[in-house]
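FYI, it's all coordinate maths here, none of it is from the lab. Keep in mind that this is a model prediction, so the values were computed, not measured. Reconstructed Cβ throughout: ideal geometry from the backbone, glycine too, with neighbour counts over all protein chains shown.
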Amino acid sequence: MEGIRFIDIYATKGIEYLIVIAFLAAFVLFCRYMYRPRETKAGAGIAMEATARFRVPEGLFYHQGHSWLRPEPGGVGIVGVDDFAQKLVGKVESVVLPSVGYRMAEGEKAWTLVVDSVPIPMLSPVDGEVVAVNSEVLRSPEILSKDPYGKGWLVKVKSRRINAATRNLLSGKLARAWMESALDKLHPIPHESVGPVLADGGLPIEGLARVLGGEKWAEVAKTHLLTDAE
């Protein structure tokens, strides 16, 4: 009939459904934005974020001097420095590695990280003869901070005591708990005014020893790498 307009109620309902869906999608995006982990700063240049504070991969065995061992077939072990060590010392200028044929001893000084021209020795996690060194790390020591457990390995060692060595080292949940507790034991050297450097759940940036120790940063680094005794 003339003057009468018919309304398609199904089309109207479809529009309403689209409006509801759009609203729900916007609400979900808003919630994700509000509750996503955020990066903050907490004094002395220490960056904080809601993530694990250190990388501690499974399948590796960790020495309390912050080196690691990965057993390989044939009695060979790959050795490197852990994430705590590289964050502690900061940017490494160069690495001094033992030569092929050198015999390393578990718990003894085996290689040296050079930071700001200061040598920082580290301890071996295993007894054995060096059968290979990572020439890439010698050319590009920054690999240590980017990939300490992969491309940043240091030496390969041939040893009859690989399995015995792993029993003296830490792994899995125990290693993660130990590394977190090592961070909790870090404190500024007396009379150094560095302010608050860590908060619960904080992620320390590279160079933590310098933040805590100031001019005595090497002392802090060697103490926590267990090489402070001459």
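Here segment 48-224 is treated with +1 on each Lys and Arg Cβ and -1 on each Asp and Glu Cβ, and its dipole about the Cα centre works out to around 520 debye.
Each Lys or Arg adds one and each Asp or Glu subtracts one; over the other residues with Cβ under 12 Å from the Cβ of residue 218, this totals -1.
Ordered by the number of other Cβ atoms lying within 10 Å of each residue's own Cβ, fewest first, 54, 61 fall into the sequence 54, 61. Taking the number of Cβ atoms within 10 Å of each Cβ as an exposure proxy, the fewest-first ranking of 161, 53 is 161, 53. Residue 75 sits among other residues whose Cβ lies under 10 Å from its own Cβ, and their net charge, with Lys and Arg +1 and Asp and Glu -1, is +2.
Using 0.36 nm per residue and subtracting the Cα-Cα separation, the extra length available between residue 132 and residue 99 on full extension is 11.1 nm. Relative to the current alpha-carbon distance between residue 177 and residue 228, full extension at 0.36 nm per residue lengthens the span by 16.0 nm. Here are some pairs, 109/146; 91/151; 151/185; 91/158; which of them have Cα atoms lying more than 26 Å apart in this structure? Table pairs above 26 Å Cα-Cα are 151/185; 91/158.
Take the Cα of residue 167, step 7 Å toward its Cβ, do the same at residue 118, and the gap between the two points is 3.9 nm.
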